[in-house]
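The values are calculated or read from the model by the stated rules, or taken from the named source; none is laboratory data. Since we're looking at a predicted model, the values are computed, not measured. Because the Cβ atoms are built from the backbone with ideal geometry, glycine has one as well, and the counts that use them run over all protein chains shown. Note: accessible area is taken over every heavy atom of the protein model, side chains too, but ligands, DNA and RNA are not part of it. Shrake-Rupley method; radii C 1.70, N 1.55, O 1.52, S 1.80 Å.
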Amino acid sequence: LGEDNGDYQLQSAYVFAGGTGVDVALYDLRMTGGPSSGNQAVQRYRPQALQNKSSVAVSGIDLSRNKRELLVSYESDQIYTFPIFPNASAAGPSLLDIDSNDGADKKSNEPIPELCSYGGHLNRMTFLKQAKYAGPNDEYICTGSDSGHAWIYEKDSGAVVSFLKADNHTCNGIVPHPSLPYFITYGIDSTAKLWRATSPVDNEVDDTDLGRFKYSREVEYEKSIVLRKWRDARRGKPIDLEDEEISFLPDEITDDDDDLDDEIGMMGIFLRHRYTNALPYIGNNLMNLNSRLKKNYFTCCRSVGMDEVEPVKSGIASLRRRVALMKSRYQADRLGLEWNSRTPWLMKPRDSILEQLQKERKDPTDMISYGAAVDLIPDDPSCWIPFERLMTNPPEMGGSPFNVKRYERFILESCADDSITPVARANQIDVFEEGTESSLEVTVDSLDAKCASQKHSIQSNEMLAKSSESDGQSYSHTQAWDILYQTVTLLKEAGNEALKSSQPALAAQRYDKAINYCSIAYLNFPVGNSLFLAEHQYVISKNSGFECRWNPLLKQLIMIRLNLSMCFLKEELKDTKEALSQANLALRALRPFTEKGVVLTGKKLSKKRKDEPYETFKEAKTLQAKAYFRLGSAQLAATDFEEAVRSFDRSARCSKEVDAQVEDAVVRKLNEAKRRRKEKKEKERKKFKLMFSSQSQGDED
């Protein structure tokens, strides 16, 4: 710290240090105020969330190039930045700032709280995981992690911009080159790796926003865990969050086959490599960022529920906030969308691309092209619903985790254009502060204003913007249910459009996403402050997990499952097992409504609620006929002709029960199943006849 006058003793008189505790301190080595070394501390720094935590330790410290910010990494927690002296000049703290540091913080002996927090990684298996600033102007923050990945965060947003598998066991840190785009990663395995930051080396790779969108349409569809394990997705995974205001949505679960390091601690990072048959992968792993974020968050939630040692001591709420932000940024980058860190769940297409598509006479308003409304819906409900005031009351704090209220001026100076000299920037800030409007709001809200003028896929952003600005109550159960229904409906219609366009993989992805949104209404989980779900979950729990109220959302879920079952019979996807599963789940959802005039309720559906309108029975039977048709089609594809005949026959009978005409497709499929059943039996008869005739001839010989 201090002025750059070439005086080594002057430059080295101040040092930052931390150890087995929360605080990091700036020490003046020339001060000898007493026997205790604590008297040498000029200033202390401590994250607000770790005020009462004694079981953390500092694992790394770094200083920004302009000497204005301090970067601290904690074992068993995340990464934090601190303003070294919040009121120092934009040119950086000087000796005068240090000597005159008699502000409120020092007088009260209070540590300076963090400027911002970063992290979705875990830092618990090894000690001294370093964190470093990187980039010509410290635009990035990089660190290692227990999973062997190197994480590179964008400093101004907190999002992950690079995710590298850098070590076979655990990556302990990254050392960036001070001026060139190179860095070295190191960890537990026997090699350090040299990396270069570069654009794609393949000239055929289109890394523009529109190019990434086009590539997203070619990526192979992968089923979500909610789809694969609808009823038992959380079996054997206790989640009991201490904070009742925090929800844990179904899309936040992970697979049952946890990594060894989560089960047996430090030894797991060695056993994971020793007992795996897969070759170690070293390279860009950004495609797996979401799954790693989900796993890390689940690991932390489970540790809270099971009273284990918490991997992140600062708490679940702040971690979820960062994870949701990073997953939203990943979706925006993958689809080439515009994104902002304050409300990351609100995305919009880029105007430049829309103009380009209009010049090429391509229609950007359909549900397939770039900028389709359905692509603006967050991929995971957990990235949007807990932070949305129209769905959660009160909402969790979302967006970029900057300490804006305390450090407004400091953040404004740090985020300003780097081409402006520090002195000119400081003068500019002074002019802004003399204005009538908040300078920070003017700077940060410019993108939000553009976003609010767009028609959102769920509801009008104008309405959202007004509700966000209003001090009044904007939450209502009815409105929350309506937004959820509109979201699911849009996803279903977009899936239908993709199916008509001969894109079954895209259709399946959208149907899958719709089922994830339906899951918050029909699966049991901690709802937090999403109060509109609390009563609904109670009613479902009293009816053995069945929805016993015939409503539009349930009908949409059933139709989505039937359409998805059809997708899985297409040659591009061909998954008869999943097609059978989706048809059976649709039939299960219809069970309470298949008797005329009554609805089955209670445990094991043993009770009957009378006086149900005939229209309910008619609609349910119509859907049941379609469900049996989809089930029969899947059984036919699986060559189970006997069961296929039964299913098609049941489909015909369901239609007749409500005086509806049996569809021609059902009749054709029924006849086909009977014909193929007959052919199969004939082949089996001939096979047995040949077998017994051969045996008789052998006996005569």
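Report, by residue number, each residue of region 19-48 that is in contact with a strand residue (DSSP E or B) (Cβ under 7 Å, 6 or more places away or on another chain), open to solvent by 30 Å² or more (accessible area, probe 1.4 Å), over 14 Å from Ile84 (Cβ atoms) and modelled with pLDDT of 85 or more.
Gly19, Thr20, Asp23
Considering only residues that are part of a loop (DSSP other than H, G, I, E, B) and open to solvent by 30 Å² or more (accessible area, probe 1.4 Å), which ones fall in region 327-348?
If the condition is that a residue be part of a loop (DSSP other than H, G, I, E, B) and open to solvent by 30 Å² or more (accessible area, probe 1.4 Å), then Trp339, Arg342, Thr343 are the ones that fit.
Only one of (1) at pLDDT 90 or above; (2) out of contact with any Lys or Arg (no Cβ under 9 Å at 6 or more places or on another chain) fails for Thr126. Which number is that?
Single failed check for Thr126: (1).
What number of residues in region 604-623 are open to solvent by 20 Å² or more (accessible area, probe 1.4 Å) and part of a helix (DSSP H, G or I)?
Looking only at region 604-623, we keep the residues that are open to solvent by 20 Å² or more (accessible area, probe 1.4 Å), and these are 604, 606-615, 618-619, 622.
Now restrict to residues that are part of a helix (DSSP H, G or I): 604, 614-615, 618-619, 622.
Total meeting the criteria: 6.
Among the residues of region 630-665, what is the count of those that are under 13 Å from Leu580 (Cβ atoms) and of a type outside the set (Val, Ile, Thr)?
So in region 630-665, the residues under 13 Å from Leu580 (Cβ atoms) come out as 630-640, 643-644, 647.
Cutting the leftovers down to of a type outside the set (Val, Ile, Thr) gives us 630-638, 640, 643-644, 647.
Of the residues in region 630-665, 13 are under 13 Å from Leu580 (Cβ atoms) and of a type outside the set (Val, Ile, Thr).
Just to be sure before I move on: is Val598 under 21 Å from Trp230 (Cβ atoms), out of contact with any Gly (no Cβ under 7 Å at 6 or more places or on another chain) and not basic (Lys, Arg) in the structure I sent?
No; evaluated as a whole, the condition is false for this residue.
Assess whether Leu557 counts as being buried (at least 21 other Cβ atoms within 10 Å of the Cβ) and either acidic (Asp, Glu) or under 18 Å from Glu388 (Cβ atoms) (or both).
On the way: buried (at least 21 other Cβ atoms within 10 Å of the Cβ): yes; either acidic (Asp, Glu) or under 18 Å from Glu388 (Cβ atoms) (or both): no.
So Leu557 fails the test.
Taking into account only those residues within region 174-220 that are of a type in the set (Lys, Arg) and outside any helix (DSSP H, G or I), which is nearest to the chain's Cα centre (by Cα)?
My answer is Arg217.
So which of Ala620, Ala625, Ala644 is under 35 Å from the mean Cα position of the chain (by Cα) and modelled with pLDDT of 95 or more?
Ala620
So in region 502-536, with the set limited to residues that are assigned to a helix (DSSP H, G or I) and open to solvent by 30 Å² or more (accessible area, probe 1.4 Å), which one is farthest from Phe387 (Cα to Cα)?
Checked region 502-536; the qualifying residue farthest from Phe387 (Cα to Cα) is Ala505.
Among the numbered conditions (1) part of a helix (DSSP H, G or I); (2) open to solvent by 30 Å² or more (accessible area, probe 1.4 Å); (3) at pLDDT 90 or above, tell me where Met463 comes up short.
All conditions are met except number (3).
Take the conditions open to solvent by 70 Å² or more (accessible area, probe 1.4 Å) and either part of a helix (DSSP H, G or I) or of a type in the set (A, V, I, L, M, F, W, C) (or both) and apply them to Lys678. Does it pass?
Answer is yes for this residue.
Can you tell me which of (1) modelled with pLDDT of 90 or more; (2) within 30 Å of Glu218 (Cβ to Cβ); (3) in a loop (DSSP other than H, G, I, E, B); (4) open to solvent by less than 30 Å² (accessible area, probe 1.4 Å) is the one Val374 doesn't meet?
(3)
Of (1) of a type outside the set (Val, Ile, Thr); (2) surrounded by fewer than 17 Cβ atoms within 10 Å (Cβ to Cβ); (3) free of Cβ contacts under 8 Å to residues at least 60 places away in the same chain, Asn137 satisfies all except one. Which?
Failing condition for Asn137: (3).
Which members of region 192-218 meet the condition of being within 20 Å of Gly135 (Cα to Cα) and either surrounded by 12 or more Cβ atoms within 10 Å (Cβ to Cβ) or in contact (Cβ under 8 Å) with a residue 60 or more places away in the chain (or both)?
Residues of region 192-218 that are within 20 Å of Gly135 (Cα to Cα), as a first pass: 193-200.
Passing the criteria: Lys193, Trp195, Ala197.
Select from region 112-134 the residues that are open to solvent by less than 10 Å² (accessible area, probe 1.4 Å) and closer than 14 Å to Val175 by Cβ and list them in ascending order.
Within region 112-134, Lys129, Ala131 meet the criteria.
Before we move on, is Ala324 under 30 Å from Lys405 (Cβ atoms), of a type in the set (A, V, I, L, M) and surrounded by fewer than 20 Cβ atoms within 10 Å (Cβ to Cβ)?
So Ala324 fails the test.
Scan region 537-564 residue by residue and report those that are out of contact with any Pro (no Cβ under 9 Å at 6 or more places or on another chain), polar (S, T, N, Q) and not in a helix (DSSP H, G or I).
Once the filter is applied, which keeps residues that are out of contact with any Pro (no Cβ under 9 Å at 6 or more places or on another chain), polar (S, T, N, Q) and not in a helix (DSSP H, G or I), region 537-564 yields Ser544, Asn551.
Does Phe546 satisfy the criteria of being among the aromatic types (Phe, Trp, Tyr) and modelled with pLDDT of 90 or more?
In short, yes.
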